[in-house]
Each structure stands twice: as C-alpha cells, then as structure tokens.
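Accompanying notes for the structure given below.
Just so it is clear, none of the values below were taken in a lab; they were calculated from the coordinates. Values in this document were obtained by computation on a predicted structure and should not be read as measured data. Note: ideal-geometry Cβ built from the backbone for every residue, glycine included; neighbour counts use all protein chains shown.
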Amino acid sequence: MENMQNRMSWLKEHLRNEWQIYVMLAPTIIWFIVFLYKPMYGLQIAFKDYSIFRGVANSPWVGFEHFHTLFGSDQFLRAVKNTFMISMLSLCFGFPMPIILALMFNEITNQVFKKTAQTIVYLPHFISTVIIAGIVITAFSPSAGIVNTFLEWLGFESIYFLIKPEWFRPIFIGSGIWQEAGFSSIVFLAAIAGVSPSLYESAVVDGASRWQMMWKITLPAILPTIIIMLIIRIGNLLEVGFELIILLYQPSTYSTGDVINTLIYRQGLQGAQYDLAAAAGLFNATVAFVLVMTANTISKRYSRTSLW
Amino acid sequence: MTNMNLYSRGDKFFVRINMVLIALFTISTLYPFIYITAVSFSNGSEAAAGNVVWRPLGFTIGAYERVLSEPLFWSSYVNTFIYTIGGTIVSLIIIIPGAYALSRRQLVGRRFWNLMVAFTMWFNAGLIPFFLNMRDLGLMDSYFGLIIAFACNAFNIILLRNFFEAIPSSFEEAARMDGANEFQVLWKVFVPLSKPAIVTITLFCMVARWNGFFWAMVLLKDEGKIPLQVYLRQVIAELQDDEEFGQSLIDATYSFETVTSSIMVCSIIPVLIFYPFIQKYFNKGIMMGGVKE
C-alpha cells in the first residue's frame, strides 16, 4: 500500500517535470489507437453477422460461420492459391534481379556511365502504380500496343495479352521487376561498398580475374545481406501488390490473377459483404503475422550465429 | 577496383559484356517512358494503329489540348498537390515529436509504447475494418480524412527514433545548461542534427502521397476531391469501353492511347523535376534506415 503510494507520488513528480515528452508522444499514440488499433477491435465482425445499423459491437455473434463459408468457396481457395503462386513466382524471378544488378554495377569502372544508368533504373520506383498500369495497358493493347506491333513484325499473330489468363502473371511479375529491381539493388550495392578493399588487392596479387573475384569475394561477402533480405521478403510473402492487380485484371483473368486482397476489395468494398471480407482479411493477416514472426526468429538466430 | 592496368584480356571482355548488359537493362527501363511520351504527341490514328515506336508520328498536341481543357484534370492536379504538401506537413508534425519522445530514456513505459508502434508492422487489421472505421469516424470523402488517416506509420517513426537514439547526449547538454525545455532541445539540437533522416522521411511521405491512389479511390466519392491518380484511372476505365470515343478515331487528332499517355506524362513531370533532389538524399538515407532496421 505504502509502496503504491510512493509510486504514485513519484509518478506525479515525474509528470510535473517531464510532461513535455508526453505531450510530444500523445499525437502519435492517439493516431495509432484511432487508425490502427481501433480497426483491430473492429476485426471482430469476422465472427459476427455485421449490420451497418447495429454497428460493430451490437451485431450478433456467428462464430466461425464466415470461415466455413470461405473455405467452402472455390473463389476464396483460388485467391489463396493465386496469392501464393504470384508471391512465389515474384520471389523466384524478382529476388535475384537486384543482386545481379548490384554485382554488375560494381564491375563498371566508368563512373559517368554508372551514375547515369543508376539514375535511370531507380526512376520507376517513384512512379505511381496507376501509371505503371497505364503503360502496361497501352503497350500490351491488341491493336495499338507496341508489344503486338513487334510480334507482327516478327511474323507472329497478335495477342490480346490482358484478357489471357496465362499471360497475367508474367506481365504482372515483369512489370514488378521493371519497377523495383533497380531500386532494390541499392541495399546490395551498399553491402558491396562495405567489402574490404584489401581482399581484392591480395586477390589481384594472386592473379585472380574479375569474374573470379566477383564469385569468390564479392558474392560471399554480401551473402549475409542477401540472406537477411530473403528472410524479410519471405516474411512479407503475402504482400503481393494488389493495387496493381486491381488495375490490370479483368473477369477473364481472375482465374490466375485474383488474390486475397483483390477478392476482399470486390466482396467487401464493392459488394458490401463486410463481415465475410473481414474474415478473409483476418485469415490473410494471421498467416502474414506467422510468416513475419517466423522470419524474425530465423533472422535473429542467423545474425547471432553469424556474429560468432 | 579501378586500376585499369591490371586488366587481363579476359577481364576486358567481361567488363565489356557487362557494360552492354547494363546498357540494355537501362534502355529497357527508360523505353516505356519514351514510348508513352511519343504516343502522347502522336496523331490519334497512328497511335491507335500501333505505329508509334519511339518518336511521335503525325506530331500533334491534340491530346494535350483535350486533357488540359478538362476542368477535372486541373482540379485533380491541384488536389494532388494539396494531399502531397498537406499530408507531408501533417506527417512531420506527428512523426518528429513522436519519434523524439520514444527515443527518450526517461519516458515511462518506453518499451510498451515502442512495442505498440512496432506491432502494427507485423499485424494489420486489413482493408475492411480500416474502411468501416473511417466511415464511423465520418472521415469519408474529406480532404482532412485522407490526410490524417495516412499521416503516420511505424516504419518512419522507428527510422527517425533510431536516428535520434544514435545522437550522443553530449550534444544536448549545452542546451540543457541554458535551461532549454524538451521542445527547444528537439527543435534546436535534434532536428538540425537529423537533417538527412528527416529529409528521407519527408521524401518517403511525399512520394507515397503523390502516387497513392487506392484509398483515395475508395474513400472519395466527390469528383472534385479526387487526386490525379484516381482521375487517370477513371479516364482509363471510361475510355476503354467508350464506343463513341472509338468512332471518333476516323478523323482523330487524339485517341484513347494518346489521351491516357498525355495524362501520364503530365503526372510524371513533377516527379522528374523533383527527382535529382530525391536521388541525392535517397542514396544515403535509405541505407541508413535499412542497416538499422
């Protein structure tokens, strides 16, 4: 009891002296509560029969009904499958590109050329998704698009790419690589810049070629960075760029392009089936959380062992 | 690695091949921009027939004339500036003091507050609860709603907090001796010392605002409030299945392709103007954040 009182009076004293940092902290904390934690409270509608008129708290509970509906729905299962397929494919094709680019940039000795090339390949990162989609739609259009113009020059039939399910993933992943490969290489270039020059100097004395040095010195030296980035990437596996998908897909390409978040968008935001869509979102967030936590644990273990 | 004398013949071959490959990659990155610029200045029928490759055919500014005569284009352009500038200012007003407070040792419950911020990077309620929350708060369809709802995020706060934590306490001692309060210490000592980190966050915020479209599309119903990216999306969606627009191709100075391309060019121009500045800071800034995360 006395202990408690002591604590209280200490806290009073502390607040009188240090109130300013709490004033500074308040907007951030309020913002997090209002815009991020309050929606987490609202997630309960995934287990409720939500009605706008009753609101979140007063809608009746329905247990796991929405989850039963979801897992019995071909559309949802297809979206789960597509989410994993698209993220795995972009991992396989998108992840190595920035590493290769960084290694290649490192071999360029002409600084003007290097700077110019870097300036250009970083640029698409700063361009809006809507513009990326606009470029893709224009370039792949059946009659007006440059891609089909080239195909016709080469003597092939023109293809209406954007309505063909088999073309959706290559186009989506390709445009992702076009937009992000250059910018993502910065991290690896930074790692390469940290490699000790003495390693290269002694290799040169031993008569190593540049090709050998790239494989035997540079690549092993940046391996920890590569592994950390890979782990982070796996943690964010479910974060496929659904904004670009919304802009590019059409009913005819849903079979390969519809992912969990686009399904939530259609069913929830366009179709007003809020509770069902929230359940799909909760499933997505839970899997993502497990992935991130696993990735974090692995990363911690890895960086600790790499220290020894 | 720059000593040219040490190259063997194999090395020279390797370096050349490498240069060629990088040049090819660079050109293919740049090409889509050249392509849409060429399309935007081309005659509508040439563009619709797919003849444009890298330079305008039948040069015309017809598409631009049509786009620039649209009041909605201008209002959305102005709106984008409002969201970008307003959003960035609000972000900095929240993030800078917040990150400073979280970096202070004397803050009671510091671990808890930091965990509260970091947890949102790992778990997210998702689109629907966020949307319903915005509706319940009455923040749909308002400039203020869109600005405040995306003013903050865990990543930026943690990035800046780490930067503040790395500043040795000897820097603030002189100010404390002079009787400076926390606000003065932040403003006169920490902010000037953290310029690179603050510029990085400012750029993150500005780029995100300039390019953001999803929530603007979902939350804004009033056409007068939509930003440029949402407008562009509407034009693409409308023109794509507008029969009449297709009919007008016969004498067309503009077409679906040239109109959308010219809006895209107009939207990219401010990014290009700002880009050298972005680049100068990003190379340093992003690494700093990446290493510490």
Practice problem: Starting from the Cα of residue B:281, step 7 Å along the direction of its Cβ; do the same at residue B:55; then give the gap between the two resulting points in nm. | Solution: 3.9 nm
Quiz item: If you average 1/r over every pair of different alpha-carbon atoms in the protein assembly as shown and take one over that average, what Kirkwood value in Å do you get?
Solution: 26.9 Å
Practice problem: In whole angstrom, note down how far apart the Cα centers of the range B:163-177 and the range A:126-190 are. | Solution: 50 Å
Quiz item: Where Lys and Arg each count +1 and Asp and Glu each count -1, what net charge lies around residue A:74 among other residues with Cβ under 12 Å from its Cβ?
Solution: +1
Practice problem: Under a 10 Å cutoff between Cα atoms, tell me which one of B:271, B:20, B:39 has the largest fluctuation in the Gaussian network model of chain B. | Solution: B:20
Exercise. Taking the Cβ of each residue in A:78, B:209, A:16 as the centre, tally the other Cβ atoms inside 10 Å and list the residues starting with the fewest.
Key: A:16, A:78, B:209
Quiz prompt | Cα gyration tensor, the range B:152-273 - rounded (a/c under 1.5), prolate or oblate | solution = prolate
Quiz item: Between Rg and the Kirkwood Rh of the range A:2-58, both from Cα atoms, what is the Rg to Rh ratio?
Solution: 1.28
Quiz item: Pick from A:18, A:107, A:243: which is most flexible by mean-square fluctuation in a GNM of chain A where alpha carbon atoms under 10 Å apart are linked?
Solution: A:18
Quiz item: Based on the inverse mean of 1/r over its pairs of different Cα atoms, what is the Kirkwood hydrodynamic radius of the range B:72-223, in Å?
Solution: 17.2 Å
Quiz item: Taking the Cα centre of chain A as origin and charging only Cβ (+1 Lys, Arg; -1 Asp, Glu), how large is the dipole, in debye to the nearest 20?
Solution: 540 debye
Quiz item: Among the helices of chain A (complete DSSP H runs), which have Cα atoms covering no less than 24 Å along the helix axis and a Kyte-Doolittle mean of at least -1.0?
Solution: A:2-32, A:74-94, A:165-193, A:274-307
Quiz item: Given 0.36 nm per residue, what is the gain on full extension from residue A:116 to residue A:73 after removing their alpha carbon distance, in nm?
Solution: 10.4 nm
Quiz prompt | Equivalent ellipsoid dimensions for chain B as semi-axes, Å, which come from the Cα gyration tensor, largest first | solution = 43, 31, 16
Quiz item: When the chain is fully extended, how far beyond the present Cα-Cα distance does residue A:287 get from residue A:209, taking 0.36 nm per residue of separation?
Solution: 23.5 nm
Quiz item: Amide H to amide H, which residues 5 or more places from residue A:48 or on other chains are under 5 Å from it, using H placed in the peptide plane?
Solution: A:62
Self-check item: Residue among B:217, B:140, B:177 with the largest mean-square fluctuation in a Gaussian network model of chain B, springs linking Cα atoms under 10 Å
Solution: B:177
Self-check item: Normalised convex hull volume, the range B:86-128, alpha-carbon set, Å³ per residue
Solution: 91 Å³
Exercise. Calculate the radius of gyration of the Cα atoms of chain A to one decimal place, then report Dmax, the largest Cα-Cα distance, as a whole number, both in Å.
Key: 25.9, 90
Self-check item: Charge dipole (debye, nearest 20) of chain B; +1 at Cβ of Lys and Arg, -1 at Cβ of Asp and Glu
Solution: 1660 debye
